[in-house]
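Peer 1: Provided herewith is a single structure, encoded as structure tokens, for subsequent inquiry.
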Amino acid sequence: MKRAVVCLKWGTAYGPHYVNLLFRSVQAQLGLAHAFVCVTDSPEGLDRGIDVRPFRFAKVPRERWTPGQWPKVSLFNQITVGDFDEVMFLDLDVLVMGELAPLFQRLDAQTDLVLIPRRQPFLSRMIPSRFRKPLGGGTSVYVWRPATQAHLWDGFRVEHTNQYAADDFYATDLGHRVGYFNPRDCVGFLHTAVWRDPLGKLQRRYPYPSDARVVIFYAGPKPFDLLHENVGRWGAHHRWGHGPLPWLREHVARYGLLEEFLDLNADAQT
């Protein structure tokens, strides 16, 4: 069984430190034999041991790519990672906090593409999960068998960017035998760690769920904006916090990249 973990880095929004942090944390948290692949148009500064592959996405004009969305469809191209039996994709700004092998194990005889279950409305969350109808999936993290999903690239046309709001809706609708992770596997930081106002005004600590495998920063803030000691108010959607996240600093420092990220933030503020 050949497995890979893949990330996608194009343009200038994310530097090599983001890839290197992901690579080092995956090496620590995935006990299965695997390759780590970065599909990119700028491989400079990446750690040794990363399998670098060229980024190709000519089907859609660049001005319509939308940050973090449509370029992911290029990963379903058999030329990109079709030499692997199972592949996991991770966005560059997610944090790998727990063992990743169970995410691969979600692929089974009935499931060839596994997505993050889309967050349910408040009242629906009162119903046990086994009785809820899925609302579709997200693609900040997903696993798939490349041999079964090649049609998502081969049949992709620029018109799909008008038909679907983003690549996750496209993959949910047209993917072959789609399934979903356990909701606790991949969690959104803002909705699981930050209280909604007015209670949020009383909150001073923002721990992530201890059983989460991947922490995702969906609606903001950007995780690496929360490293500096002098960070102020942050958040969105009636969920607001203040100050840095000590556990995030510890996570980045564990993999030897805290100074690099602090320097990046300092450069961005000058």
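The values are calculated or read from the model by the stated rules, or taken from the named source; none is laboratory data. In this text, all values refer to a predicted model and were calculated from it rather than measured experimentally. Cβ: placed from backbone, ideal geometry, glycine included. Neighbour counts: every protein chain shown.
Peer 1: Kindly establish whether residue 74 is buried (at least 16 other Cβ atoms within 10 Å of the Cβ), small (Gly, Ala, Ser) and over 30 Å from residue 249 (Cα atoms).
Peer 2: Taking the combined requirement at face value, the residue satisfies it.
Peer 1: Looking at (1) closer than 18 Å to residue 26 by Cβ; (2) in contact with a Phe, Trp or Tyr (Cβ under 7 Å, 6 or more places away or on another chain), can you tell me which one residue 241 breaks?
Peer 2: Single failed check for residue 241: (1).
Peer 1: Pairs only if they're at least six apart or on different chains, beta carbon under 8 angstrom, first in segment 72-83 and closer than 14 Å to residue 5 by Cα and free of Cβ contacts under 8 Å to residues at least 24 places away in the same chain, second surrounded by fewer than 21 Cβ atoms within 10 Å (Cβ to Cβ) and not charged (D, E, K, R); list them, first residue then second.
Peer 2: The qualifying pairs do not exist here.
Peer 1: In segment 147-179, which residue that is of a type in the set (Gly, Ala, Ser) and closer than 25 Å to residue 4 by Cβ is surrounded by the most Cβ atoms within 10 Å (Cβ to Cβ)?
Peer 2: So the residue we want is 171.
Quick grid of which residues meet (1) assigned to a strand (DSSP E or B); (2) within 30 Å of residue 225 (Cβ to Cβ); (3) at pLDDT below 95:
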{"site": "125", "(1), (2), (3)": "no, yes, yes"}
{"site": "139", "(1), (2), (3)": "yes, yes, yes"}
{"site": "142", "(1), (2), (3)": "yes, yes, no"}
{"site": "147", "(1), (2), (3)": "no, no, no"}
{"site": "161", "(1), (2), (3)": "no, yes, yes"}
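Peer 1: Could you give every pair whose Cβ atoms fall below 7 Å, whose first residue belongs to segment 32-54 and is closer than 12 Å to residue 19 by Cβ and modelled with pLDDT of 95 or more, and whose second residue is assigned to a strand (DSSP E or B) and charged (D, E, K, R), counting only separations of at least 6 or pairs across chains?
Peer 2: 36/51; 37/51; 37/53; 38/9; 39/53; 40/9
Peer 1: Then there's this: Residues of segment 80-99 being more than 17 Å from residue 9 (Cα to Cα) and modelled with pLDDT under 95, which ones?
Peer 2: 82
Peer 1: Continuing with this model, one more query. If you take the residues of segment 18-45 that are more than 18 Å from residue 213 (Cβ to Cβ) and surrounded by fewer than 19 Cβ atoms within 10 Å (Cβ to Cβ), which of them is nearest to the chain's Cα centre (by Cα)?
Peer 2: 35
Results for (1) closer than 19 Å to residue 25 by Cβ; (2) in contact with a strand residue (DSSP E or B) (Cβ under 6 Å, 6 or more places away or on another chain); (3) small (Gly, Ala, Ser), shown as yes or no for each residue.
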| residue | (1), (2), (3) |
| --- | --- |
| 194 | no, yes, no |
| 200 | no, yes, yes |
| 217 | yes, no, no |
| 222 | yes, no, no |
| 227 | yes, no, no |
| 245 | yes, no, no |
| 253 | yes, no, yes |
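Peer 1: For residues that are in a strand (DSSP E or B) and touching a Ser or Thr at 6+ places or on another chain (Cβ under 7 Å), tally how many sit in segment 187-243.
Peer 2: Number satisfying all stated conditions: 1.
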